[in-house]
Amino acid sequence: MVSPSPTIFLDGKLVVAGAGFQPFEPIMVAIRIDASSQPVLGFLDATGGGTFMMEYTLSDISSIASNASKLTDASVVAVTAEGTDGSIAAVPAMVAASPPVPRAPRPVTSPATSVVAGTVVMGGNITLLGAGYAPGEKISFIAVVGTTDGVTTRSPIGNVVAEGTGAFSKEIAVDLEPGVYTVEAFGRVNLATAPLVVLAEAK
């Protein structure tokens, strides 16, 4: 027996298919949570070739709704198909209430997108310049301040909205310790980087 995914989503659909049953054998399809809990999805008959396929809308099945907490709390369940002539099949699955929300794609560096930083005294202001962004694209400025045990630490330092030409000019205050940093200019779909040098005092 097969299902389309190792994870079942209670607000979605589940396709269950099987083979190797007796011709026209009556079959009960269920989800076995434990020895005492087995919500039934439905009943059907195998084909003359001993196969079956059925799609279930889980939110429409009352036994699923009444066992929703047990289903999502279980580490793994078994989707079962039991025939009245003794045929049986099962496949393991995990259960979640809903699919995860897709993450927004990470902006990518484009040769057409640029940002210019420069040198500033600690506590002073610097004007960041950029171009190649989409008109009206919101841009966030992030300073990469270090990496410890493989974990990169970033500090937000400002934001701006690109002009209709896709360019921007933004003066920001820099409250970073003296050193050399990478400034990342994140847009919705675009990313550019530039070095930022912070001096302890003016030279």
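Values in this text are rule-based calculations from the coordinates and carry no lab data. Because the structure is predicted, anything quoted here is derived from the model rather than measured. Virtual Cβ from ideal backbone geometry, glycine too; neighbours counted across all protein chains shown.
Using alpha carbon coordinates only, what is the Rg to Rh ratio of the stretch 111-199, with Rh defined as the Kirkwood radius?
Dividing the radius of gyration by the Kirkwood radius yields 0.97.
Share of antiparallel DSSP beta bridges in the chain, in percent to the nearest 5? Of the beta bridges lying entirely in the chain, close to 85 percent run antiparallel.
From Cα pairs below 8 angstrom and at least 6 apart in sequence, can you work out the relative contact order of the stretch 7-96, rounded to a whole percent?
Details: 195 pairs, mean separation 33.8, N = 90.
The value is 38 percent.
Using C-alpha pairs under 8 Å with a sequence gap of at least 6, the mean separation divided by the residue count of the chain gives a relative contact order of 18 percent. Karplus-derived 3J(HN,Hα) values for the stretch 143-153, using 6.51 cos²θ - 1.76 cosθ + 1.60 with θ = phi - 60°, are 9, 7, 9, x, 9, 10, 6, x, 9, 8, 9 Hz; glycine and proline are entered as x.
The alpha carbons of the chain occupy a box of 90, 36, 27 Å along the principal axes, longest dimension given first. For the stretch 41-47, the Karplus equation 6.51 cos²θ - 1.76 cosθ + 1.60, evaluated at θ = phi - 60°, returns couplings of 7, x, 10, 7, 10, 5, 6 Hz by residue, with Gly and Pro reported as x. Full extension of the chain segment joining Leu176 with Ser140 gains 11.3 nm, where the gain is 0.36 nm per residue of separation less the Cα-Cα distance. Modelled this way, with points 7 Å down the Cα-to-C-beta line, the labels at Ser37 and Gln22 are 3.3 nm from one another.
Between Ile8 and Met94, Val95, Ala96, the built amide H atoms are under 5 Å apart, and every one of these is 5 or more places off in sequence or on another chain.
In terms of packing, defined here as the mean over residues of other Cβ atoms within 10 angstrom, the peptides 168-176, 186-194 line up highest first as 186-194, 168-176. The distance between label points at Thr127 and Ser59 comes to 5.3 nm (points 7 Å beyond Cα on the Cα→Cβ vector).
Of Asp60, Asp85, how do they rank once you tally other Cβ atoms within 10 Å and put the fewest first?
Values: Asp60 9, Asp85 14.
Result, fewest neighbours first: Asp60, Asp85.
Under the definition of Cα pairs under 8 Å and six or more residues apart, what whole-number percent is the relative contact order of the stretch 111-199? Mind showing how you got there, number by number?
Details: 229 pairs, mean separation 34.0, N = 89.
Averaging sequence separation for qualifying contacts and normalising by length gives 38 percent for the stretch 111-199.
Placing dummy labels 7 Å off each Cα toward the beta-carbon, the span from Ser66 to Asp11 is 2.4 nm. Three principal axis extents describe the C-alpha atoms of the stretch 7-96; from largest down they are 37, 24, 20 Å.
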